[in-house]
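The values are calculated or read from the model by the stated rules, or taken from the named source; none is laboratory data. All figures in this text were calculated on a predicted structure; none of them were measured in a lab. All Cβ positions, even for glycine, are placed from backbone atoms using ideal geometry, and neighbour counts span all protein chains on display.
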Amino acid sequence: MKLSSNDEKKDLALELHRIGVVKFGEFTLKSGLKAPIYLDLRLLVSYPSTLEMAAKALISLTSGLDFDRIAGIPYAAIPIATAVSLQSEVPMIYPRKEIKEYGIKRPIEGEFKEGETILVFDDLITTGESKIEAIAPLEASGLKVTDIAVIVDREQGGKEDLKSRGYNLHSVLTLKELLNFLNEGEKISDEEFKSLMNYLENPAEWKK
């Protein structure tokens, strides 16, 4: 599944840079790895037009897939999945990070039927572990998950990890594509681009 043109992807990449999603420095990722680039896609919630652009890209990306409902992984993907749901008119659910100790104590918010197929959304992927954890309550409730869509794939083994467990990953942008577009748009220099691409060749060894 691909967007209809590189122009759409480039426009989104430049827009993500414009609103400050793309940050350069030295960061520790959720996986524990060090990195010279961090993507704060939680900022999308404060930029409605950019969030709408990302949602349209995800709808285009997943248009050929077969699913009954969509789910956003909390917390970053809940506004993303909501924007997709509003534009596509596909109903949405989401697994809770913590099950409430009061009320009906359900692990999933929203309406669904056992046996339905769920398309899962998240903001990005580094490794596949957090996606597996988030999918678990959906599958435990009798739902089927085969496809996961993200805005950015950091290309650090997540796609392969999911594939080995029977899930397909779809990404609007890979990190290499994002950096290419930023370099073409003169948002990062050739020297910075080369340094970042060197990091991507062996991210586990960066700053060790």
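Here residue 63 qualifies as of a type outside the set (Phe, Trp, Tyr), part of a loop (DSSP other than H, G, I, E, B) and under 18 Å from residue 88 (Cα atoms).
The set of residues from segment 159-180 being of a type in the set (A, V, I, L, M) and either modelled with pLDDT under 95 or under 19 Å from residue 56 (Cβ atoms) (or both) comprises 172, 173, 178.
Conditions tested, residue by residue: (1) closer than 30 Å to residue 141 by Cβ; (2) modelled with pLDDT under 95; (3) of a type outside the set (A, V, I, L, M).
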| site | (1), (2), (3) |
| --- | --- |
| 22 | no, no, no |
| 34 | no, yes, yes |
| 40 | no, no, yes |
| 95 | yes, yes, yes |
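When residue 121 is tested against the conditions (1) under 21 Å from residue 25 (Cα atoms); (2) in contact (Cβ under 8 Å) with a residue 24 or more places away in the chain; (3) touching a helix residue (DSSP H, G or I) at 6+ places or on another chain (Cβ under 9 Å), the lone failure is (1). Applying the selection to segment 135-158, what residues are hydrophobic (A, V, I, L, M, F, W, C) and either under 12 Å from the mean Cα position of the chain (by Cα) or crowded, with 16+ Cβ neighbours inside 10 Å (or both)? Of everything in segment 135-158, those that are hydrophobic (A, V, I, L, M, F, W, C) and either under 12 Å from the mean Cα position of the chain (by Cα) or crowded, with 16+ Cβ neighbours inside 10 Å (or both) turn out to be 135, 138, 143, 145, 148, 149, 150, 151, 152. Selection within segment 189-208: residues that are in contact (Cβ under 8 Å) with a residue 24 or more places away in the chain and of a type outside the set (D, E, K, R). The member of this set that is farthest from residue 28 (Cα to Cα) is 195. Checking the structure you have, find out if any residue of segment 96-110 is closer than 20 Å to residue 165 by Cβ and under 19 Å from the mean Cα position of the chain (by Cα). Checked segment 96-110: no residue is closer than 20 Å to residue 165 by Cβ and under 19 Å from the mean Cα position of the chain (by Cα).
Assess whether residue 32 counts as being of a type outside the set (A, V, I, L, M), over 21 Å from residue 171 (Cα atoms) and more than 16 Å from the chain's Cα centre (by Cα). So residue 32 fits the description; yes.
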